[in-house]
1. Report the calculated FRET efficiency for Ala57 and Lys104 (r = Cβ-Cβ distance, R0 = 30 Å), to the nearest 0.05.
2. How far apart, in nm, are the 7 Å Cα→Cβ label points at Asp70 and Lys85?
3. Compute log10 of I(q)/I(0) for region 38-117 with the Debye formula, placing one identical point scatterer on every Cα and leaving out solvent, at q = 0.17, 0.22 Å⁻¹, to two decimals.
Amino acid sequence: MRSPFCTLLLLCGLAFFAMAQETPAAQPPQHSGILNPPIADEEDAHARIAKDMEKKAAKERVAALKTDTDKLLKLSVELKQYVDKSDENVLSLDVVKKAEAIEKLARSVKEKMKGPN
């Protein structure tokens, strides 16, 4: 005769064997694109980043233009004051230097206005 322990062990073994037969083979987990996003999403992200960088560059360019035009106005007013103080016989070296500074700054403003080409 068999002992109850052997019978129990046999039944547990049969149950385990039956469950192993019903369980499908392990398949690799399916990713929903979270860990490895599709290439299109990467391209969209790169495009968004590039667009954001362009916007930031444009804002910085406009801010620099405002600063430069303020300097240009200040230099122009100073040049006007120097010219008003001088007479037909005397033009100071400061007037020439101021005019050259205005010319250089005006060229810089012109190039910034053209944009990044």
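None of the figures in this text is laboratory data; all of them are computed from the coordinates on show. Note that the coordinates shown come from a computational prediction; the quantities given were computed from them, not determined experimentally. Cβ: placed from backbone, ideal geometry, glycine included. Neighbour counts: every protein chain shown.
1. Working: r = 23 Å, r/R0 = 0.76.
With R0 = 30 Å, the Cβ-Cβ based efficiency is 0.85.
2. 2.4 nm
3. Taking Cα atoms of region 38-117 as identical point scatterers yields -0.76, -0.96.
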